[in-house]
Protein chains: 2
Amino acid sequence: MEGFKGMERKLIGVDLGGTTIKFAILTEDGEVQQKWSVETNILDEGSHIVPDIIDSINHHLDLYKMTKEQFIGIGMGTPGTVNRQNGTVVGAFNLNWKETQYVKDAIENGTGMKFAIDNDANVAGLGERWKGAGENGEDVSFVTLGTGIGGGLIAGGQLLHGKAGAAGEVGHVTVEPNGYLCTCGKRGCLEQYASATGVVHVARDMAEEFSGDSELKRQADDGQDITSKLVFDLAKKGDALALRVVDRVCYLLGLALGNVANTLNPESIVIGGGVSAAGEFLLDRVRNYFEEFAFSTVRSSTQLKLARLGNDAGVIGAASLARVFA
Amino acid sequence: MEGFKGMERKLIGVDLGGTTIKFAILTEDGEVQQKWSVETNILDEGSHIVPDIIDSINHHLDLYKMTKEQFIGIGMGTPGTVNRQNGTVVGAFNLNWKETQYVKDAIENGTGMKFAIDNDANVAGLGERWKGAGENGEDVSFVTLGTGIGGGLIAGGQLLHGKAGAAGEVGHVTVEPNGYLCTCGKRGCLEQYASATGVVHVARDMAEEFSGDSELKRQADDGQDITSKLVFDLAKKGDALALRVVDRVCYLLGLALGNVANTLNPESIVIGGGVSAAGEFLLDRVRNYFEEFAFSTVRSSTQLKLARLGNDAGVIGAASLARVFA
């Protein structure tokens, strides 16, 4: 024990993803002091993942001559379906976790620290709420526009989970009845239009019917690789088709987020993930439609914002889960 | 004091509406022991309402030889915008309350009991959750289909209010972009289609374009008074136009409630209000569309139910507000 340092116990946050596992050590106030990461080894049905997490934490503590007594606990965000009480995860397909994983028991035994776990989008939402654009508000909705769309909803100061842990599944809000078929089995989910893959789908469909002059159309017709970033970059340069694609994406996002706000009236809806790299260009257009679809009290009290923490949202939000042990 | 009775302190619930003020005395467990009501006197800018509430409570206690010490407190549901901390209400137009009303101060001073207040739809939601179809669940969404549409959302065991008290405004979820103009100023709100007045609006519009045989069409063309009840009664008898109207209403309700469930994943969505008197006939049709618009985890974990408490939901939920004083 090192006197004063022993008093200020710290948090460990773990952000488990399909390609990397990110780690951070934070003060109890949420200041990131150290960060590191390792590659995710999904071989052998993902059976190396939890041992790798334990080894990496223990190794890091040894290296910096820290002891487990200096920590309040470990929090982790994970893909898949989480049982928070038991600390188990099932159905995380990008980790090759098909069977139930007893993550909490293994990590508590392997590190000697207390451990809490939640869904990755929820955890990123907690991060943006605590230390990012959410400014530690009581009512903050977070939506991440990545390969898919995830959400984390904080209402009345607490993260919402719902009956089966599916609260915050903003990606599966129906925005276009009879629209694109989603991987979830139903049609017209927001994810099929406003995720990175959704934007490309919209772009390819609109390119087929577009007859004007457009670099985006030329690249699509030419069979080139279209990305969400390309669509937004060309739109910013005034490409006619790209602007129409962006308009359609922002219209459906504005509709979905307007209805989330009509339901929850959060003080802010924070938009993160790869697609949000389009920045104010995206936000302004979404806001225009949001204001059309949100009713007056909500329009004047719920703000749309861009996420601020980038990739750190996950480790910061994960660490915040461990504050319950303080 | 009467010995054992003095130990079991009771709750008073008040449901303030535009035509009547309902009162009830409940046990702390939510059993209604006495009910009474008085007419709402909205004359003189509604200035008689709060004094009438105080007099009615004091008179009732005198009559039954009860004392304020036998009560934990009073809870009340009200129209208008509520400031729960200050116990004030503003903008309750059906009460003629245009200016801020200091309800809590007046009632606490006038009765000597503690007082809590919330919005009427929220309070009805608390009632159905506590003692009705919500079965005291942690995550229960309530929607009331009356002249307008109100909502009360309980998530993680607590009533959601949002930044400006507008959480749960399910009536203003946009279900039809560029649809009917709502009294709130925006277009396509659920309230314009699935409230009692909304059903009539849909019926009149569809009657204009309908050319088949229909009693509903004859009555509409004849300029007769169409009601939501008539539409559902004729639909139950197989009237072709009425069935189409009901189908459209249930489609839009299913869409809105599916998206509420995709966002909150409650264990139940409880449907109350006058339109819900159509019973299973309504519920079955809404459920069909709900299952089309809710994604799989939600579909299998969120149930649609009819409200059970009828007019008592308000006083029961209102009384539950006073439990914080126990």
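The values are calculated or read from the model by the stated rules, or taken from the named source; none is laboratory data. What you see is a predicted model; the values in this text were computed from it and never measured. Note that we place each Cβ from the backbone using ideal geometry, even for glycine, and neighbour counts take in every protein chain shown.
Things worth noting here:
- Going through (1) surrounded by fewer than 24 Cβ atoms within 10 Å (Cβ to Cβ); (2) of a type in the set (A, V, I, L, M); (3) touching an Asp or Glu at 6+ places or on another chain (Cβ under 9 Å) one by one, B:Ala277 falls short only on (3).
- Residues of segment B:133-151 satisfying the condition of being at the interface with chain A (Cβ under 10 Å from one of its Cβ atoms) and surrounded by 24 or more Cβ atoms within 10 Å (Cβ to Cβ): B:Asp139, B:Val140, B:Ser141, B:Gly151
- Among the conditions (1) in contact with a strand residue (DSSP E or B) (Cβ under 8 Å, 6 or more places away or on another chain); (2) assigned to a loop (DSSP other than H, G, I, E, B); (3) at pLDDT 95 or above; (4) of a type in the set (D, E, K, R), B:Lys65 misses just one, which is (1).
- B:Val14 assigned to a strand (DSSP E or B) and either in contact with a helix residue (DSSP H, G or I) (Cβ under 9 Å, 6 or more places away or on another chain) or surrounded by 14 or more Cβ atoms within 10 Å (Cβ to Cβ) (or both): yes
- Applying the condition of being in a loop (DSSP other than H, G, I, E, B) and in contact with a helix residue (DSSP H, G or I) (Cβ under 6 Å, 6 or more places away or on another chain) to segment B:234-273 and asking which residue is surrounded by the most Cβ atoms within 10 Å (Cβ to Cβ) yields B:Asn265.
- Qualifying residue in segment A:87-96 (condition: out of contact with any Cys (no Cβ under 7 Å at 6 or more places or on another chain) and within 14 Å of chain B (Cβ to nearest Cβ)): yes
- Selected residue (criterion: nearest to the other protein chains (Cβ to nearest Cβ)) from residues of segment A:176-199 that are hydrophobic (A, V, I, L, M, F, W, C) and within 20 Å of the chain's Cα centre (by Cα): A:Cys184
- Search result, residues across segment B:66-81 that are at negative phi and within 15 Å of the chain's Cα centre (by Cα): B:Met76, B:Gly77, B:Thr78, B:Pro79, B:Thr81
- Entirely in segment A:275-326, the helices (runs of 4 or more DSSP H) that have 3 or more residues that are within 11 Å of chain B (Cβ to nearest Cβ) and over 20 Å from the mean Cα position of the chain (by Cα): A:280-293, A:296-301
- Unmet criterion (only one of (1) modelled with pLDDT of 95 or more; (2) surrounded by fewer than 14 Cβ atoms within 10 Å (Cβ to Cβ); (3) among the aromatic types (Phe, Trp, Tyr)) for B:Phe71: (2)
- The set of residues in segment A:152-167 that are at pLDDT 95 or above, in contact with a strand residue (DSSP E or B) (Cβ under 8 Å, 6 or more places away or on another chain) and over 18 Å from B:Ala256 (Cβ atoms) comprises A:Gly152, A:Ile154, A:Ala155, A:Gly156, A:Gln158, A:Leu159, A:Leu160.
- For segment A:152-170, filtering for residues that are outside any loop (DSSP other than H, G, I, E, B), within 11 Å of chain B (Cβ to nearest Cβ) and either touching a residue at least 24 places away in the same chain (Cβ under 8 Å) or farther than 21 Å from A:Ala322 by Cα (or both) leaves 5.
- Residues of segment B:285-295 include none that is in contact with a Leu (Cβ under 6 Å, 6 or more places away or on another chain) and touching a residue at least 60 places away in the same chain (Cβ under 8 Å).
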